[in-house]
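Values in this text are rule-based calculations from the coordinates and carry no lab data. All figures in this text were calculated on a predicted structure; none of them were measured in a lab. Backbone-built Cβ (ideal geometry, glycine too); neighbour counts: all protein chains shown.
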Amino acid sequence: MVDDNREWKIARSAQFVNDNKTADLAWEAAHDNAPADEEPPNLGDFHAARAYLRTCLIRMPFAEARDLTPVAAAALWARGTEGARRYRLSGATSAEPGKRVRRSR
């Protein structure tokens, strides 16, 4: 099934990402929910989590995406930030640091 509202949902996620209030709430929530005995999330984790927020919105029914509040969007963004932080700390990487990954076409 093709989602006719995909472009709208992508634009909606961009609105949340570009909203300073939503970003501040997400950053604060990401830091507040990080385990105290581990490294906190960094800006790279926060930046990577924008894709998580966008994917969540794309997968939502239109009505849910339409009615999503900035606070709820910030919570999703913070959850994505935590996932990115865990991934980074796990040592999982697609290439050695400093090496470029060459992808075939």
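Values for this structure:
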read-out: Length gained when the stretch residue 42-residue 58 is fully extended (0.36 nm per residue, less Cα-Cα span); value: 3.2 nm
read-out: Given charges at beta-carbon only (K, R positive; D, E negative), |dipole| of the range 6-89 in Debye; value: 520 debye
read-out: Full-stretch length increase - residue 11, residue 28 - with 0.36 nm per residue and alpha-carbon distance subtracted; value: 3.8 nm
read-out: Whole-Hz couplings from phi, Karplus 6.51/-1.76/1.60, listed for the range 19-31; x for Gly and Pro; value: 8, 4, 5, 5, 4, 4, 4, 5, 4, 5, 5, 4, 6
read-out: Theoretical FRET efficiency, 1/(1+(r/R0)^6), r = Cβ-Cβ of residue 19 and residue 88, R0 22 Å, to 0.05; value: 0.30
read-out: Residue order, fewest to most surrounding Cβ atoms within 10 angstrom, among 71, 17; value: 71, 17
read-out: Relative exposure of 21, 9, judged by other C-beta atoms within 10 Å (fewest first); value: 21, 9
read-out: Where GluC sites (Glu not before Pro) fall in DSSP loop in the range 1-83, at most 14 other Cβ within 10 Å; value: 38
